[in-house]
1. Find the centroid of the Cα atoms in region 11-59 and in region 64-96, then give the distance between the two in whole Å.
2. For region 213-224, what does the Karplus curve 6.51 cos²θ - 1.76 cosθ + 1.60, with θ = phi - 60°, yield as ³J(HN,Hα) per residue in whole Hz, taken in order and with x for Gly and Pro?
3. Pairs of alpha-carbon atoms within less than 8 angstrom and 6+ residues apart define the contacts here; what relative contact order does the chain have, in percent?
4. Return one whole number: the accessible area per residue of the chain in Å², for a 1.4 Å probe.
5. What percentage of the solvent-accessible surface of region 92-208, computed with a 1.4 Å probe over protein heavy atoms, is contributed by carbon and sulfur atoms?
6. Lysine pairs, Cα distance under 16 Å, 8 or more residues apart or cross-chain: how many in the chain?
7. Once phi is turned into θ = phi - 60°, what whole-Hz ³J(HN,Hα) does the Karplus curve with 6.51, -1.76 and 1.60 give for every residue of region 150-162, x standing for Gly and Pro?
8. If you count only protein heavy atoms and use a 1.4 Å probe, how large is the accessible surface of Glu108, to the nearest 10 Å²?
Amino acid sequence: MDINKREKKEQWISGIDTILFDLDGTLTDSGAGIMNSVRYALRKFGRDVESLEELRVFIGPPLAEQFQSFCKISAEESVKMVEAYREYYSDRGIFENEVYPGLIPVLESLKQQGKKLAIATSKPEKYARMIAEHFGFSQYFTFIGGALMDGRRTKKSEVIEYVLETCGETDRNRVLMIGDRDYDIIGAREAGIHSMGVLYGYGECSELEAANAEVIVETPEEIEEVVKCY
């Protein structure tokens, strides 16, 4: 990195005081629950896949849109698939999940440093709050924001705007969005805030680079290291 680019990065990172976290693939490894729920929905409508790995594409993007793309179905049909998905997810899939190792100490440290933390997820807010409470990390977040159950506010930039407004954030140059997929990085850019991609989740480095993530880290511990080192 040339000197000018490094200085610019040091300048904006040192000014960050609010950090938004994605949920799936960033705070928790939610793959099993999501993919099992998708398979349940597919089977209910007479579809299936040979391997659960084919369903990894459902981790991150808005669910209805992904059903449309994956199954080549209409928006109306995708709504029915989401309803079927939730039959399994709300009962079992939501807890087929775990917090990434090393993440809780990072949240504790950032909180102690005086950073304001919030969650911005395309998952329904109802489920996001249930997960945060169940796995014991809701205490670290000022606010947990997500989509509505009726399918509104699923686009990441819309969720970010909602969280920023609710938290009363007006200086966007002091806000950082952390996520594992390009949707998180693109949403951050559209909302005019900074972005960090993580590689321990479900996104690839090439995906995050193509979305122009300003910083990319490999582990939860590196999140704290990057924020602290400047």
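The values are calculated or read from the model by the stated rules, or taken from the named source; none is laboratory data. In this text the structure is predicted, and so the values were computed from the model without any measurement. Quick reminder, even Gly has a Cβ in these numbers, built from the backbone with ideal geometry, and neighbours come from all protein chains shown. Heads up: the accessible areas ignore ligands, DNA and RNA and are worked out on the full protein's heavy atoms, side chains in. Shrake-Rupley method; radii C 1.70, N 1.55, O 1.52, S 1.80 Å.
1. Region 11-59 and region 64-96 have Cα centres separated by 12 Å.
2. Result, rounded to whole Hz: 4, 6, 9, 10, 10, 9, 9, x, 4, 5, 4, 5.
3. Working: 392 pairs, mean separation 55.1, N = 230.
Relative contact order comes out at 24 percent.
4. On the way: 10730 Å² over 230 residues.
Normalised by residue count, the accessible surface of the chain is 47 Å².
5. On the way: 2340 of 4940 Å².
The nonpolar share, carbon plus sulfur, comes to 47 percent.
6. Lysine pair count for the chain: 9.
7. Rounded to whole hertz, the list is 8, x, 7, 6, 9, 5, 4, 5, 5, 5, 4, 4, 4.
8. 80 Å²
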